[in-house]
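S.K.: Got a structure here, written out as structure tokens. Questions coming.
The values are calculated or read from the model by the stated rules, or taken from the named source; none is laboratory data. Computed from a predicted structure; not experimentally measured. In this analysis, Cβ positions are derived from the backbone assuming ideal geometry, glycine residues included, and neighbour counts consider all displayed protein chains. SASA here: full protein model, heavy atoms, side chains in, ligands and nucleic acids out. Shrake-Rupley method; radii C 1.70, N 1.55, O 1.52, S 1.80 Å.
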Amino acid sequence: MEAQTILYFRPAEEQMHKNTAAKRHWWENASLTGKVLPAETTGGFFVPVDCQVPAFYYKKKPWPGEVLLQAMETARNGAPGLADAYLHPQIMTLMSDEYINRWEPRRETVERLAAALLASCAADCLYRRGRVTVLLGRPEDTDWQMGMTRRLLTPYLPRINSLCFCYEEVEGLDIWEETADELEAYGYDYGLVPEMRPYLASAEGLCCGREKYGGVILDYADVQRQPRVEREGQTIYADLASNPQKELSCARKNGRILYSSPLKYLDTIVKSGYDKKMYAEAMSSAQT
């Protein structure tokens, strides 16, 4: 079976601009070069390809969307294995909505990223504290989110003793009936009885209420649900939506919440060795 490859298209670092800027005949041969990193970088979950995109090309004219699209497609087609792409938000701003829709990562890609993220920053916390809170996102994606959560947590379930799902109530929909098969699987195999808690209405929108959470928080929601976090111990916040507002909120908690996301994870693995070492040390110190 071919390895999964994920191309990470991100803004080029400043020192790269001169090397990657377009040559005089840009229109004829625009191209992007990807650096293939070893699968060991992600713990074997996938093969990462670092593909930096310069902000401007020849004579500082902005990227035409169709030229960038063609260059990115060429890079993806030339990547090893079964290739998919993940776009940095700044790269998305260079495209029209029509082109952005073509570059939504496959669900399998999202799941692989999430699995690698949990293994790198949350595994120790899952084994030690055994507590997981899942903030479900859009109701129409509940089936996928529930199935993905079970697959993500399977390696850690023997050590998990508390699992709670927070969800958005939908009129006429019985969440217990809709998720019965997934919830029962935890009980059959691990004797675990998950909780289901609806989001509560507030002035800022739906939120998690006054209950306090700890351990690992796995967040699928596009917007903030504002979970209250225990003061004791370290909480790992895995934001699968890579929402910058959530990262900012976590940063305000005086180090009690360690934030990570697919975007932050990909940024980390393509940085220099020094940056990766500093990130690893921060993760290690936070989990002890």
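S.K.: Rounded, prolate or oblate, given the Cα gyration tensor of the stretch 128-241, with a/c below 1.5 counting as rounded?
M.R.: oblate
S.K.: Of the beta bridges DSSP finds with both residues in the chain, what % are antiparallel, to the nearest 5?
M.R.: Once the DSSP bridges in the chain are tallied, antiparallel ones form about 15 percent.
S.K.: State whether the stretch 88-144 is rounded, prolate or oblate according to the following rule on the C-alpha gyration tensor (a ≥ b ≥ c being the square roots of its eigenvalues): a/c under 1.5 gives rounded; otherwise a/b larger than b/c gives prolate, and the remaining case gives oblate.
M.R.: The shape class here is prolate.
S.K.: If you fit an axis through the alpha-carbon atoms of helix 65-77 and take the longest principal axis of the Cα set of the chain, what angle between them do you get, 0 to 90°, nearest 10?
M.R.: 70
S.K.: How much net charge surrounds Cys166 when only the other residues with a Cβ under 10 Å from the Cβ of Cys166 are counted, with Lys and Arg +1 and Asp and Glu -1?
M.R.: -2
S.K.: Roughly how tilted is helix 107-121, in degrees to the nearest 10 and between 0 and 90, from the longest Cα axis of the chain?
M.R.: That works out to roughly 70 degrees.
S.K.: Where nothing but the Cβ of Lys and Arg (+1) and of Asp and Glu (-1) is charged, how large is the charge dipole of the chain around its Cα centre, in debye to the nearest 20?
M.R.: So the dipole magnitude of the chain works out to roughly 1620 debye.
S.K.: Can I ask one more? Which whole-number value in Å² is the accessible area per residue of the chain, probe 1.4 Å?
M.R.: 53
S.K.: Additional query: Give the carbon-plus-sulfur fraction of the accessible surface of the chain in %, rounded to a whole number; probe 1.4 Å, heavy atoms of protein chains only.
M.R.: Looking at the chain in its full context, I get 49 percent from C and S.
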